Each structure stands twice: as structure tokens, then as C-alpha cells.
Amino acid sequence: MKKRQKWGQNFLIDESLSAEIVDSAEIEEDDLVLEIGPGAGVLTQLLLERAGKVVALEIDPDLCRPLEKKFGEFSNFQLIQGDALKFDFGQIGSRFKTVSNLPYYAATHILKRLIRYGSRIESMTVMLQKEVVDRLVAEPGKKEYSSLSVFIQYHCDVERILEVPKTSFSPVPKIDSSVICLKPLEAPKVQVSDEKTFFKIVHAAFLHKRKMLKNNLKEWEHFFKNEKEVIHVEGIDLNRRGETLSLSDFALISNYIHKAEETQ
Ligand code: SAM
């Protein structure tokens, strides 16, 4: 596979859109900004004009050389050649913002890795495939609502910012993009007694989307209650599908199951 495809190198060519993305990130002069995948530097240039410091992390050595040449004279520029899928974001600083047009092949993995450093991150303004953003912002009952929606909304406030047509890139990709702003929360939106159990249940609930919860959650069926012919946990009818449950519903079920597992 060509490097361009392998590393998702579709470069933004619409300057006004680049400015809109950077504007939406509300960068201030003392901000430390991490940009993942600066590419040819279209966002980097605008970030350097506004931020206290910009750390750009690029995997491709052939892009690093021209970036160093173009921005090497900016005293607030630091380029790191590295892989965002392995990089220790703790090195960046104690508090930073992220602004990135993420490579599609790795975007959700990179986001999940960034969330592990959530206490250091003020905001993540990122461009992703439109379908991924649809999932990140989806509410219960929508067909895009998935375990990824629950994971992201558990950890972050999410706001959809912009729609980006595929013609804004070179080469033109097959899909449209959207920009989203994620703000990691100091504390999750719902109280969960054991995150491992919570996410295990969320994952299982969405495993077969058309199946009812009582089937997807079979592993825990010995904790189900059967009253007046309704199979439920904490009053949540398990004839429902996972896609109809809110974060609070998942928390109720998982807190109950965790307690039951601890005491059995
Ligand atoms: N920021 C540029 C723009 O908006 O035009 C380029 C965005 S392009 C979609 C993705 C960039 O991420 C490319 O420069 C690519 O080389 C880089 N990249 C791909 N995989 C990466 C990884 N694992 N770690 C760091 N950078 C990566």
C-alpha cells in the first residue's frame, strides 16, 4: 500500500475552512497545543500564529523535513517524529489543547488513547470521518448510537462543530468529514462503581444490535429478576435493545451487577 493511503494523507486545501477549524478551538496566546499529523502544515501555520507553543507529532519522516524547514524559525514550534498510536502524551505538558485533522485509519484509536490523558487535556478539536462523528454525538434511540458513543460521552462533553466536504482535501477522499470538539470531564457524567464492569456490559449490550438485552447480557442472567413476566434489572426491562439505554441506565445495571458479583 502506498504511504499516502497507509497514513491517511489527505491534506486540507481549503484555507478558509482551516481558519474556521482553528477559530473554533479558541486558542489563546498562552496555550500549549498538540497537533497530531501536521502533514503539510496548513493548520500548524495558523496555530503557531495564535498559541504559546505548538507541539506537532508527525509519523512520516518525509513530511518532517519540510515542516522543520518551514517552521523551524518559529520559537514556539516543536516537531516530534513519532507515532500517535504509541506516543506518551504525558510528555506534552500538564495542560494542553489538541487540534488535529486525524488520519482516518487510526482516528478512534488515537482518540481513545488521548482520553487516557484526559485530566491534562482542556479540549480536543478534531476532524474525523463524518460517520464516526455521527456515532460520537449519537443519543439513545438513534441508529448511530453504539458502545463508542457511550464511551466518549461518559468521558467527555461533545459538540459537533463543522461539516467538511471531501472536496476540501487533496487527494479527494471517498468520504466526507466533520469537526467535533471534545472536552474531557473532571468526573464522568454518571456514577459508576466499577468502570470495568460498566464497559463490559456496554460492550456486550451492543454486540448484536438487533438482539434484546436479555440475550446480549446472558453472561449475567443469574442476576436478572423476573417479576410479573417482565425480565429486568433495577426496573430496566431487558426486552429492550441496548441502543435504547441512556448512560444512567447502563450505570444502574452495571452498579447492580457489580454489587451482586461482589456479594455472591
Ligand atoms: N494536518 C494536515 C492537514 O490538515 O492537511 C494533514 C492531515 S492528514 C489527514 C493526517 C496526517 O497524520 C498525515 O500528515 C499523516 O502522515 C499523519 N499520521 C498518520 N498516522 C499517524 C500516526 N500514527 N501518528 C502521527 N501522525 C500520523
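The values are calculated or read from the model by the stated rules, or taken from the named source; none is laboratory data. Only a predicted model underlies this, so the values are computations on that prediction, with no experimental measurement involved. All Cβ positions, glycine included, derive from the backbone under ideal geometry; neighbour counts span all protein chains shown. What goes into the accessible areas is simple: the full protein's heavy atoms, side chains included, and nothing from ligands, DNA or RNA. Shrake-Rupley method; radii C 1.70, N 1.55, O 1.52, S 1.80 Å.
Annotations for the structure displayed:
- Two-site FRET efficiency, Arg113 against Arg4, from Cβ-Cβ distance with R₀ of 25 Å, rounded to 0.05: 0.60
- Under Karplus coefficients 6.51, -1.76 and 1.60, residue-wise ³J(HN,Hα) of segment 228-234 in Hz, glycine/proline x: 6, 6, 10, 8, 8, 10, 6
- Taking label points 7 Å from Cα along the Cα-to-Cβ direction, Met212 and Ser75 give a separation of 6.9 nm.
- Where Phe11, Phe250 fall by accessible area, highest first, once all protein chains stay in place (1.4 Å): Phe11, Phe250
- Contact order, relative form, for segment 5-184: 22 percent (alpha carbon pairs under 8 Å, 6 or more residues apart, mean separation divided by residue count).
- Antiparallel bridge percentage (DSSP; both residues within the chain; nearest 5): 55
- Computed Rg/Rh of segment 9-77, alpha carbon atoms with Kirkwood Rh: 0.94
- Segment Tyr105-Glu261, extension gain: residue separation times 0.36 nm, minus the distance between their alpha carbons: 52.4 nm
- Per-residue packing, averaged as other Cβ atoms within 10 Å, sorts the ranges 153-166, 47-60, 83-96 into the order 47-60, 153-166, 83-96, beginning with the highest.
- Cβ crowding within 10 Å averaged over residues, with 167-177, 194-204 ranked highest first: 194-204, 167-177
- All distinct Cα pairs of segment 54-167 go into the 1/r average, and the inverse of that average, the Kirkwood radius, is 15.7 Å.
- Shape summary of segment 101-236, radius of gyration then Dmax from alpha carbon positions: 17.6, 61 Å.
- Mean residue ellipticity at 222 nm, helices only, the chain: -10000 deg cm²/dmol; runs of at least 4 DSSP H residues each add -39,500 (n - 2.57), and the sum is divided by the number of residues.
- For Phe169, the amide hydrogen comes within under 5 Å of the amide hydrogens of Ile13, counting only partners 5 or more places away or on other chains and with H modelled in the peptide plane.
- Solvent exposure ordering (accessible area, 1.4 Å, most first) of Met127, Met212: Met212, Met127
- The chain: mean projected area of Cα convex hull, nm²: 15.5
- Look at where the Cα atoms of segment 6-42 and of segment 66-132 average out, and the two centres are 10 Å apart.
- For segment 195-262, the Kirkwood estimate of hydrodynamic radius, built from reciprocal distances between every pair of different alpha carbons, is 11.7 Å.
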